[in-house]
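Trainee: Encoded as structure tokens, here's the structure I'll be asking about.
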Amino acid sequence: MEAVVEDELKRLEDLGVITPVTYVDWAAPIVADRTSPFVFEQIFTVLNSALESSSYPLPLPKDIFNRMGNCLMFSHIDLSDAYLQVEFDEESRKLITINTHKELYRFNRLSPQVKSAPGAFQQIMDAMLSGLSCTSPYLDDILVGGRTVEEHKQNLYRVLQRLKEYGFTVKFEKCRFFMRKM
């Protein structure tokens, strides 16, 4: 498992998600998980116990259906390493450090294991996509619709333009475009 963890640490370091550090006030140990796409799950027990849960609501299915109700054409956009695309400010980075068999690493970006991450990420997505019609974000998934093929193309273009403006990337192989039903 060491080699797998080292490969993931290297990948995250190359992406700028983590940075090696020599000293921290505290760090969370990692636990390797063969079933996780993230390869290891951090144990942020101390940090999460000190954090307040996010009060930002996730959309309910009925909210999504209401936004997409009149649509006849749909696309599904999936963000790649979604939370990891959100940068921490300098002060927050000091709190998110992991202790590995190799060395200490500080997170520069939002870790999915932080208790308040889902609400914070949903708030970012809602703000980024506000004002766009027939569009409904749910965490790292974005549903885009349209009543006609032309309207759907326009809505899809606007969403992709916003993603580009905000610097988000998509996992193309998990996206589905121009579907008649979801």
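Trainee: Inspect all residues belonging to the stretch 74-97 and state whether any of them is more than 15 Å from the chain's Cα centre (by Cα), within 22 Å of GLU2 (Cα to Cα) and at pLDDT below 90.
Mentor: Within the stretch 74-97 (the criterion being more than 15 Å from the chain's Cα centre (by Cα), within 22 Å of GLU2 (Cα to Cα) and at pLDDT below 90), the answer is yes, since at least one residue qualifies.
Trainee: From the list ILE142, ILE124, exactly one residue is modelled with pLDDT of 85 or more, touching a Ser or Thr at 6+ places or on another chain (Cβ under 9 Å), closer than 19 Å to GLY167 by Cα and not aromatic (Phe, Trp, Tyr). Which is it?
Mentor: ILE142
Trainee: Sticking with this structure for a sec: Return the residues of the stretch 157-182 that are open to solvent by less than 90 Å² (accessible area, probe 1.4 Å) and part of a helix (DSSP H, G or I); say none if nothing qualifies.
Mentor: Selection gives VAL159, LEU160, GLN161, ARG162, LEU163.
Trainee: Can I ask one more? So which residues in the stretch 58-82 are open to solvent by 50 Å² or more (accessible area, probe 1.4 Å) and either within 27 Å of VAL17 (Cβ to Cβ) or outside any loop (DSSP other than H, G, I, E, B) (or both), if there are any at all?
Mentor: LEU58, PRO61, LYS62, ASP63, PHE65, ASN66, ARG67, ASP81 - these are the residues of the stretch 58-82 that are open to solvent by 50 Å² or more (accessible area, probe 1.4 Å) and either within 27 Å of VAL17 (Cβ to Cβ) or outside any loop (DSSP other than H, G, I, E, B) (or both).
Trainee: Kindly indicate whether any position in the stretch 136-147 is β-branched (Val, Ile, Thr), in contact with a strand residue (DSSP E or B) (Cβ under 7 Å, 6 or more places away or on another chain) and over 30 Å from TYR23 (Cβ atoms).
Mentor: Among the residues of the stretch 136-147, at least one is β-branched (Val, Ile, Thr), in contact with a strand residue (DSSP E or B) (Cβ under 7 Å, 6 or more places away or on another chain) and over 30 Å from TYR23 (Cβ atoms), which makes the answer yes.
Trainee: Moving on. Can you tell me which residues in the stretch 111-156 are open to solvent by less than 70 Å² (accessible area, probe 1.4 Å), part of a strand (DSSP E or B) and closer than 15 Å to PRO59 by Cβ?
Mentor: THR135, SER136, PRO137, ASP141, ILE142, LEU143, VAL144, GLY145
The values are calculated or read from the model by the stated rules, or taken from the named source; none is laboratory data. Quantities reported herein were computed from a predicted structural model and do not represent experimental measurements. Neighbour counts run over all protein chains shown; Cβ positions are idealised from the backbone, glycine included. Surface accessibility is based on the protein's heavy atoms, side chains included, excluding ligands, DNA and RNA. Shrake-Rupley method; radii C 1.70, N 1.55, O 1.52, S 1.80 Å.
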